[in-house]
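Engineer: Below is one structure. I have some questions about it.
Every number in this text was worked out from the coordinates using simple rules, so none of it is lab data. Source: prediction; values computed, not measured. When we count neighbours, we look across all protein chains shown, and the Cβ atoms used for this are built from the backbone with ideal geometry, even at glycine.
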Amino acid sequence: MRFLTAIATIAALGYASLYALATFVTPRARDMSVTIPAQKLRPQPVEAASKNPKTAGAETSAGAAATP
C-alpha cells in the first residue's frame, strides 16, 4: 500500500507541475524566419515530369502518350 501511495504522490506532483506551467507561464511572441533552399523554389524541368508520372505537370507533357 505504501508503494502505491508513493507512486500516486509522485504522479500528483507531476500533474500539478504541468498544470502550473500551463496556467501561469505565458510564451513570448517572437518572429521566426525559415531559409528555403533555392532548389525547392525552382520548377522541375519537363523531362523529369515525363519520366515520373506522379510528378506535377506530367499530365500535360506525357498525359496523352501515357493514356492506354
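Engineer: Which order, highest average first, do 27-38, 5-16 follow once you tally other Cβ atoms within 10 Å for each residue and take the mean per peptide?
Structural biologist: 5-16, 27-38
Engineer: Something else: Fewest Cβ neighbours within 10 Å first, please rank LEU18, LEU41 accordingly.
Structural biologist: By the 10 Å Cβ count, ascending, the order reads LEU41, LEU18.
Engineer: If I stretch the segment between LYS40 and THR23 completely, what's the gain in nm (0.36 nm per residue apart, minus their alpha carbon distance), one decimal?
Structural biologist: Additional length available on full extension: 2.1 nm.
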